[in-house]
Ligand code: UT7
């Protein structure tokens, strides 16, 4: 059986910081409400000239540098995003071009906030099957362009950024022990962008006037409870699959949906909250990109050490959820 490893990680956050106090200036909300309900203090906002592929390019170059590789070495480029530069060509095709990945095939994976875990699953399995050898798995979002800045229930959650990991066939490096992905199509109605697709609402003056192109959260407090359950299930699945228990895990790197969701997950799993890596206070929810950004920061700040057992987990629109266990 071939083995796959994460041999380099990278991330990029736009420079501009939008604090809760900045949001207070144009929306009926407070820093106190946002922080106590979500754990978020600030988020990054992309410059108007930056596209998702620009953020991903820097994150990817940092991951390639960490791996000691060049863009031309990559034979598979997968981009997880719900905010591609354009829907056609795919966001990954723009990124392939900007990076100069001349030997890679590139395509997008759309699984909302679970996107990175889904993309890692695809790369891991293609490498284990022998179809590819050197993959760049990237997730990037400019959520600030798809949220309705007049909708206080949801816009306060999101931010922009990108993360990447180089995943290769290798016995050395951080071993990807397993990946697990799940969906619940019927549940997808609760977190969606209703307009702009081929459904009954293609882009029109009317659909834009109604704001149907924006991300909508319907009964977000219900998905809050589902998220806690699915995060915990996904974690348990990955550790059990590998003959471990949750106590063996050194660090959980979850999608940063809401601090209270992550506290609920930790409680359900009976793990100390210190084992759950957090970036939510400074970056908010960057959909698919939160997991690889948090992973990269944990690698670089020494939270992940040689030998660490690291559990990645995510939940998001689709509904989608999943996990991956990695031995560093
Ligand atoms: O990443 C994908 C997965 N993420 C999710 O599925 C999101 C999960 N949901 C959540 O994170 C939380 O449900 C929210 C942060 C979206 C909302 O927090 P909540 O504690 O569930 O609040 P709520 O929706 O129950 O609203 C409570 C109150 C309402 O007022 P009333 O009806 O009690 O008078 C809202 O109108 O808070 C009000 N409210 C606000 N007040 C000030 C809602 N948004 C705001 C706001 N500022 N920004």
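The values are calculated or read from the model by the stated rules, or taken from the named source; none is laboratory data. Because the structure is predicted, anything quoted here is derived from the model rather than measured. Here the Cβ is made from the backbone with ideal geometry for all residues, glycine too, and neighbour counts use every protein chain on show.
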Does the range 310-318 contain any residue that is over 12 Å from the mean Cα position of the chain (by Cα) and either closer than 21 Å to residue 215 by Cβ or without any contact (Cβ under 8 Å) to a residue 40 or more places away in the chain (or both)? yes
Read through the list (1) part of a helix (DSSP H, G or I); (2) near the ligand (Cβ under 10 Å from one of its atoms); (3) in contact with a helix residue (DSSP H, G or I) (Cβ under 7 Å, 6 or more places away or on another chain), then give the number of the only condition that residue 268 fails. (2)
Take residue 187 and decide whether it is in contact (Cβ under 8 Å) with a residue 24 or more places away in the chain and either loosely packed, with under 15 Cβ neighbours inside 10 Å or farther than 27 Å from residue 35 by Cβ (or both). yes
Kindly indicate whether residue 138 is within 16 Å of the chain's Cα centre (by Cα) and either under 28 Å from residue 196 (Cβ atoms) or in a strand (DSSP E or B) (or both). yes
Which of the residues spanning the range 278-328 are at negative phi, part of a loop (DSSP other than H, G, I, E, B) and within 16 Å of the ligand (Cβ to nearest atom)? 278, 279, 286, 317, 319
Go through (1) modelled with pLDDT of 90 or more; (2) under 20 Å from the mean Cα position of the chain (by Cα); (3) over 30 Å from residue 128 (Cα atoms) and name the single condition residue 182 misses. (3)
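Give the residue, chosen from 192, 215, that is under 17 Å from the mean Cα position of the chain (by Cα) and at pLDDT below 90.
Numbers: 215 fails: at pLDDT below 90.
So the residue among 192, 215 that is under 17 Å from the mean Cα position of the chain (by Cα) and at pLDDT below 90 is 192.
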Report, by residue number, each residue of the range 42-75 that is surrounded by fewer than 24 Cβ atoms within 10 Å (Cβ to Cβ) and either outside the structural domain of residue 115 (by TED's automatic domain parsing) or not in a helix (DSSP H, G or I) (or both). 42, 44, 45, 47, 48, 49, 50, 51, 68, 69, 70, 75
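Provide a single number: the residues in the range 192-227 that are assigned to a loop (DSSP other than H, G, I, E, B) and within 12 Å of the ligand (Cβ to nearest atom). Even if it seems obvious, please write down each step before you answer.
Quick first cut of the range 192-227, residues assigned to a loop (DSSP other than H, G, I, E, B) only: 193-204, 210-215, 218-219.
Next, only the ones that are within 12 Å of the ligand (Cβ to nearest atom) stay: 215, 218-219.
Residues meeting the conditions: 3.
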Mind checking whether some residue in the range 206-216 is within 22 Å of residue 111 (Cα to Cα) and in contact with a strand residue (DSSP E or B) (Cβ under 8 Å, 6 or more places away or on another chain)? yes
If you take the residues in the range 176-191 that are part of a strand (DSSP E or B) and within 16 Å of the ligand (Cβ to nearest atom), which one is farthest from residue 223 (Cα to Cα)? 181
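Is it the case, given these coordinates, that residue 254 is outside the structural domain of residue 124 (by TED's automatic domain parsing), over 29 Å from residue 324 (Cβ atoms) and surrounded by 13 or more Cβ atoms within 10 Å (Cβ to Cβ)? Talk me through it step by step, then tell me what you get.
Working: outside the structural domain of residue 124 (by TED's automatic domain parsing): yes; over 29 Å from residue 324 (Cβ atoms): no; surrounded by 13 or more Cβ atoms within 10 Å (Cβ to Cβ): yes.
Against the criterion (outside the structural domain of residue 124 (by TED's automatic domain parsing), over 29 Å from residue 324 (Cβ atoms) and surrounded by 13 or more Cβ atoms within 10 Å (Cβ to Cβ)), residue 254 does not qualify.
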In the list 148, 125, 132, 93, which residue meets the criterion of being more than 28 Å from residue 307 (Cβ to Cβ) and more than 16 Å from the ligand (Cβ to nearest atom)? 93
Out of all the residues in the range 8-41, which are out of contact with any strand residue (DSSP E or B) (no Cβ under 6 Å at 6 or more places or on another chain) and buried (at least 22 other Cβ atoms within 10 Å of the Cβ)? 34, 40
